1. Among the numbered criteria (1) at pLDDT 90 or above; (2) more than 16 Å from the chain's Cα centre (by Cα), which single criterion is violated by residue 5?
2. Which one of 72, 105, 116 is surrounded by 14 or more Cβ atoms within 10 Å (Cβ to Cβ) and of a type in the set (Asp, Glu)?
3. For a quick check of your reading: which strands (runs of 3 or more DSSP E) sit entirely within region 104-148 and have at least 2 residues that are over 17 Å from the mean Cα position of the chain (by Cα) and at pLDDT 85 or above?
Amino acid sequence: MKRAYLLILLLTSLSIQEMYGSKVRTISSNEGLSNNAVYCIHQDDYGQLYLGTADGLNIWNGHSIELFMAKDGFNHFAGNTIREIHSTRQGKLILQTNYGIARVDPLKREVDFYKDLGFSRKTAVTDDGNIYTVDSNMHLRYLEVESG
């Protein structure tokens, strides 16, 4: 009985040491992040992390950071502060910025921007990619953007 107790005590102390011995790492502009103010994070089905910062959308693949740019070399996010990131079933990202909503196709590097939605207090996206927002007047707004 005494041995079982000592074995449990030893295993518990090892697990506590492992928990406190973990290596927490900070990812910052030193690693290539466009801005140290990160507002939101989204992980896609392939494991990539999309980081919404005060200066654009960054992609972290677990080893390096890339600033997202559309195929024409611009980002089209209007304001560049990414407040929320959502995804659709089709693999597109819906970004809430200070000045509207952007729909991003990360594979094709295409961006559609919906400035008529303006700043929203909260955004929700259905699986089909339809966007619901609550505007500054607390009105619910809806935009159907996906087909099929």
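1. Failed condition: (1).
2. Of the residues listed, the single one that is surrounded by 14 or more Cβ atoms within 10 Å (Cβ to Cβ) and of a type in the set (Asp, Glu) is 105.
3. Where strands (runs of 3 or more DSSP E) fall fully within region 104-148 and carry at least 2 residues being over 17 Å from the mean Cα position of the chain (by Cα) and at pLDDT 85 or above, they are 110-114, 131-135, 140-143.
The values are calculated or read from the model by the stated rules, or taken from the named source; none is laboratory data. All values derive from a computational prediction rather than experimental measurement. Cβ: placed from backbone, ideal geometry, glycine included. Neighbour counts: every protein chain shown.
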